[in-house]
Amino acid sequence: MTRIICIPIMTETNEAALGQMPLCFAMADMVELRIDAIKNLDLPSLLSSPGGKVVVTNRKSDEGGWFSGNEEKRVALLCEAVSMKADFVDIELSTDPRLISLLVKTVKKYGGLTQLIVSHHDFTGTPQMDELFRIVDESYRRGADIVKIATYACSMKDNMTILNLIGIIRRHNRNIIAFCMGETGKISRIAAPMFGSFMTFAAREKGTESAPGQLTVHEIKEIFRILQ
């Protein structure tokens, strides 16, 4: 069973992000560069020699991000990351379909070397399974290589909903990243890889979490070790 751990890097400066990348690659399999948080972004310096696989995310404000520019500029930066052969780029399903299509075309233009993650975040709860299936199907129709769904766990049942979703999607040989946020959702972050989630996210250390309920990489590795 593959247990890919990805550490999000959320810093205010490009220099700080560059400084954290080697530390994070020493601790985990991948890093997520949250470029929406970086005020003096220099993508070429971040992607010239990363030291491992990188997800480039430019999260929009209504899905928990910090990007303050317009949507065209936000997606243009993701296209720029594709041109630099980023391993993955993440774009929200709620993005204008025209801009998602532009990103898909850019991926194809540069040989399909970048995998497209189409994501959906719900900070209020976990939808019913029918709605989750709709979100997954629409994400694949938009061109996703991997679908990411992060919902908020209001009860333990919400965790089971998400874990069941992962199992069903994987049985159709499609890649999905899914988990619940919040204190009640912590168990899903641990169990998701066991059900087939492509990766799980973990903070480098306490205080650097990119979403509520995120465990540290030390905590999640120790739990995996105990379970093993």
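The values are calculated or read from the model by the stated rules, or taken from the named source; none is laboratory data. Here the structure is a predicted model, which means the values were calculated and not measured. Please note: Cβ atoms are built from the backbone with ideal geometry, for glycine as well, and neighbour counts cover all protein chains shown. These accessible areas exclude ligands, DNA and RNA; they are computed on the full protein's heavy atoms, side chains included. Shrake-Rupley method; radii C 1.70, N 1.55, O 1.52, S 1.80 Å.
Once the Cα gyration tensor of segment 1-136 is diagonalised, what are the square roots of 5 times its eigenvalues, in whole Å and ordered largest first, as equivalent ellipsoid semi-axes?
Details: eigenvalues 107, 66, 52 Å².
Result for segment 1-136: semi-axes of 23, 18, 16 Å.
Please tell me which of these pairs span more than 30 angstrom C-alpha to C-alpha: Lys60/Lys105; Lys109/Lys221; Lys109/Lys206; Lys157/Lys221; Lys39/Lys85; Lys73/Lys109?
On the way: Lys60/Lys105 21 Å; Lys109/Lys221 38 Å; Lys109/Lys206 40 Å; Lys157/Lys221 25 Å; Lys39/Lys85 22 Å; Lys73/Lys109 19 Å.
Over 30 Å Cα-Cα: Lys109/Lys221; Lys109/Lys206.
Using heavy-atom solvent-accessible surface (probe 1.4 Å) with all chains present, what is the largest-first order of His121, His172?
On the way: His121 25, His172 130 Å².
From most accessible down to least: His172, His121.
For Met194 and Lys73, calculate 0.36 nm times their separation in residues minus their Cα-Cα distance, and state this gained length in nm to one decimal.
On the way: separation 121, 0.36 × 121 = 43.56 nm, distance 3.74 nm.
In short, 39.8 nm is gained.
What length, rounded to one decimal in nm, is gained on full extension from Ser155 through to Asp29, with 0.36 nm per residue of separation minus their alpha-carbon distance? Let's see the in-between values first.
Values: separation 126, 0.36 × 126 = 45.36 nm, distance 3.02 nm.
Between Ser155 and Asp29, full extension yields an extra 42.3 nm.
Just grab the label-to-label distance for His172 and Ser83, each label 7 Å out from Cα along the Cβ direction, in nm (one decimal).
Placing both labels 7 Å along Cα→Cβ, they lie 3.5 nm apart.
Let me know the whole percent of all Cα-Cα pairs from segment 99-228 that are separated by more than 17 Å.
When every Cα pair of segment 99-228 is considered, 59 percent fall beyond 17 Å.
Would you mind getting the accessible area per residue of segment 1-134, heavy atoms of the protein chains only, 1.4 Å probe, in Å²? Write out the running numbers ahead of the final one.
Numbers: 6060 Å² over 134 residues.
About 45 Å² of surface per residue is accessible.
Can you pull the semi-axes for segment 61-112, root of five times each eigenvalue of the Cα gyration tensor, sorted largest first, whole Å? Could you put the intermediate results ahead of the total?
On the way: eigenvalues 73, 27, 18 Å².
With the √(5λ) rule applied to segment 61-112, the semi-axes are 19, 12, 9 Å.
In whole Hz, with x marking every Gly and Pro, tabulate ³J(HN,Hα) for segment 169-185 from phi via Karplus 6.51 cos²θ - 1.76 cosθ + 1.60, θ = phi - 60°.
Those phi angles translate into 5, 5, 5, 9, 6, 10, 8, 9, 10, 8, 6, 9, 8, x, 4, 5, x Hz.
Given the Cα-Cα distance of Glu183 and Glu205 and 0.36 nm per residue of separation, how much length would full extension add, in nm?
Working: separation 22, 0.36 × 22 = 7.92 nm, distance 1.68 nm.
Full extension from Glu183 to Glu205 adds 6.2 nm.
With contacts defined as alpha carbon pairs under 8 Å and 6 or more residues apart, what's the relative contact order of segment 1-156 in percent? Walk me through the intermediate numbers first.
On the way: 263 pairs, mean separation 25.0, N = 156.
Over segment 1-156, the number comes to 16 percent.
Please turn the phi angles of segment 102-110 into ³J(HN,Hα) values with the Karplus equation 6.51 cos²θ - 1.76 cosθ + 1.60 (θ = phi - 60°), one per residue in order, whole Hz, x for glycine and proline.
For segment 102-110, the Karplus curve yields 4, 5, 4, 5, 5, 4, 5, 4, 9 Hz.
Give the Debye-formula value of log10 I(q)/I(0) at each listed q (0.09, 0.11, 0.12 Å⁻¹), with one equal scatterer per alpha carbon of the chain, two decimals each.
After summing over all Cα pairs, the log10 values are -0.33, -0.50, -0.61.
What is the spin-label model distance, in nm, from Ile4 to Ser61 if the labels are put 7 Å beyond Cα along the C-beta direction?
Rounded to a tenth, the inter-label distance reads 3.2 nm.
Quick one: 3J(HN,Hα) in Hz for segment 59-64, Karplus 6.51/-1.76/1.60 with θ = phi - 60°, rounded, Gly and Pro as x.
Result, ordered by residue: 5, 6, 5, 7, 10, x Hz.
Of the heavy-atom accessible surface of the chain (probe 1.4 angstrom), what whole percent is carbon and sulfur?
53
Where does segment 181-228 land on Rg(C-alpha)/(2.2 N^0.38 Å)? Spell out each step's value before the answer.
Working: Rg = 10.2 Å, N = 48, 2.2 N^0.38 = 9.6 Å.
Compactness ratio reported: 1.06.
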